[in-house]
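*Asks:* Okay, handing you the structure first.
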Ligand SMILES: [Zn+2]
């Protein structure tokens, strides 16, 4: 099989949603820099994300909305109509210099991934993962929805059965809207209960296409391993997908400022590794993650996992320099970052008891999945 490929772009290096926004921190550039410092990203495995043409975005988004994003980028001003109709120019979804180009680049990578995966293989698009975007409005820091565009691109390239697994701390409401009731799609979302957008309840099957597992605060590595082995893997294997799409948001780790889960990055890497090889195609996307050190280390480790690279206990000086140069202004976690955020990729494991909330809900979803399969 062809070596995995990583899609990135320089636009993410200096782009910020504004001084006080969680997306003021660099993320994708850290993955590119760290991977290169480790010798893990030779030019042959790197693809520069093309910026999606407005027309390509119409595969899911409305023309009116795409035109609004382009106009707002040009004028740097949202009209009252943009805000009311498209949620552009709010505290959550602010006007910023690359408000069209940045999401269009993430989407361009995901659309390209759908084409390249026609032939099979593994593609990693860490700029992608904007799973809250809606057809005609911005939602939860997401202006477009590149996971939906990636899955539609896979479909256009002959790939029918898609297993979409989302381990971001937030529910994938945009993807659920895009593939509601799709019999050729299996959507599994594991997310923190009660967290915005508060959708994705245990009872919600996305019209028969989805399994939602809301998890309590404090989710630990042992619990995620239980969910992986008892829910995610058996369901994805039974579905016999032509492609697996993994949204590997990095906001489920303990030191993330937005969510309240307590995973270590080992949990994300283990899910990534377990999903490899189930289908002839795999697309891994980024997603949330708002601590610049956690997200850079976690997503670089995902790339190492996809390539089968050993992650050293201590990073070489060039890689440490990438992490030491990061800043986290306006957050207490940026004041005295612990030394291991600079010197390692791998967190210490965070094991714990598997609570009955988890075992009960996994059992309930397994029963539900068996009924859904009979319906198809
Ligand atoms: Zn998230």
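*Asks:* Compute the separation of the alpha-carbon centres of the range 148-225 and the range 48-82 and state it in Å as a whole number.
*Replies:* Taking the Cα centre of each part, the range 148-225 and the range 48-82 sit 25 Å apart.
*Asks:* Right, here's the next one. Only counting other Cβ atoms within 10 Å, I'd like 342, 239 sorted with the fewest neighbours first.
*Replies:* In order of increasing Cβ crowding within 10 Å: 342, 239.
*Asks:* Name the residue, out of 123, 311, 66, whose mean-square fluctuation peaks in a Gaussian network model built on the chain with Cα pairs under 10 Å.
*Replies:* Ranking 123, 311, 66 by mean-square fluctuation puts 311 first.
*Asks:* Roughly what % antiparallel, to the nearest 5, for the DSSP beta bridges in the chain?
*Replies:* Within the chain, antiparallel bridges account for around 5 percent of the total.
*Asks:* Can you give me the three principal axis dimensions of the range 236-376 from its C-alpha atoms, in Å, biggest first?
*Replies:* 53, 34, 25
*Asks:* How far, in nm, would the chain grow between residue 343 and residue 357 when pulled straight, counting 0.36 nm per residue and subtracting the alpha carbon separation? Walk me through the numbers on the way to the answer.
*Replies:* Details: separation 14, 0.36 × 14 = 5.04 nm, distance 3.58 nm.
Length gained between residue 343 and residue 357: 1.5 nm.
*Asks:* Applying 1/(1 + (r/R0)^6) with R0 = 25 Å to the Cβ-Cβ distance of residue 255 and residue 180, what FRET efficiency is obtained, to the nearest 0.05?
*Replies:* Here the calculated transfer efficiency is 0.15.
*Asks:* Once the cut-off is 17 Å, how many percent of the Cα-Cα pairs in the range 163-249 end up in the long-distance tail?
*Replies:* Details: 1595 of 3741 pairs.
Result: 43 percent of Cα pairs exceed 17 Å.
*Asks:* Something else now. Take the chain, connect every pair of alpha-carbon atoms lying under 10 Å apart with a spring to form a Gaussian network, then pick out the residue of 360, 136, 256 with the largest mean-square fluctuation.
*Replies:* In the Gaussian network model the winner is 360.
*Asks:* Next question, about the same structure. If you average the C-alpha positions of the range 251-323 and of the range 1-35 separately, how far apart do those two centres end up, in angstrom?
*Replies:* 13
*Asks:* Separate question: Write down the Å³ per residue value for the convex hull defined by the alpha carbon atoms of the chain.
*Replies:* 121
*Asks:* Report the extension gain between residue 229 and residue 321 in nm, rounded to one decimal, defined as 0.36 nm multiplied by the number of residues separating them, less their alpha carbon distance.
*Replies:* Values: separation 92, 0.36 × 92 = 33.12 nm, distance 3.67 nm.
The residue 229-residue 321 span can extend by a further 29.5 nm.
*Asks:* Taking just the C-alpha trace of the range 169-313, give me its Rg and Dmax in Å.
*Replies:* Rg and Dmax of the range 169-313, Cα atoms, are 14.6, 45 Å.
*Asks:* Report the relative contact order of the range 176-279, percent, no decimals, based on alpha-carbon pairs under 8 angstrom and at least 6 residues apart.
*Replies:* It rounds to 26 percent for the range 176-279.
*Asks:* Which value at 222 nm does the chain reach when only helices count, each DSSP H run of 4 or more adding -39,500 (n - 2.57), with the total divided by all residues and rounded to the nearest 500 deg cm²/dmol? Kindly include the intermediate steps, with their values, before the conclusion.
*Replies:* Numbers: 15 runs with 144 residues, N = 376.
Calculated at 222 nm, the ellipticity per residue is -11000 deg cm²/dmol.
*Asks:* Further, regarding this structure: What residue among 112, 283, 195 has the largest mean-square fluctuation in a Gaussian network model of the chain, using Cα springs under 10 Å?
*Replies:* The residue with the greatest mean-square fluctuation here is 195.
*Asks:* Grab the Cα-Cα distance for residue 364 and residue 335, subtract it from 0.36 nm times how many residues apart they are, and report the gain in nm with one decimal.
*Replies:* On the way: separation 29, 0.36 × 29 = 10.44 nm, distance 4.33 nm.
The span from residue 364 to residue 335 would gain 6.1 nm if fully extended.
*Asks:* Let me ask another. Report the calculated FRET efficiency for residue 91 and residue 53 (r = Cβ-Cβ distance, R0 = 25 Å), to the nearest 0.05.
*Replies:* 0.25
Every read-out reported here was derived from the displayed coordinates using simple, explicitly stated rules and does not represent laboratory data. Predicted model only: the values in this text are computed from it and were never measured. Cβ sites come from the backbone with ideal geometry, for glycine too, and all protein chains shown count toward neighbours.
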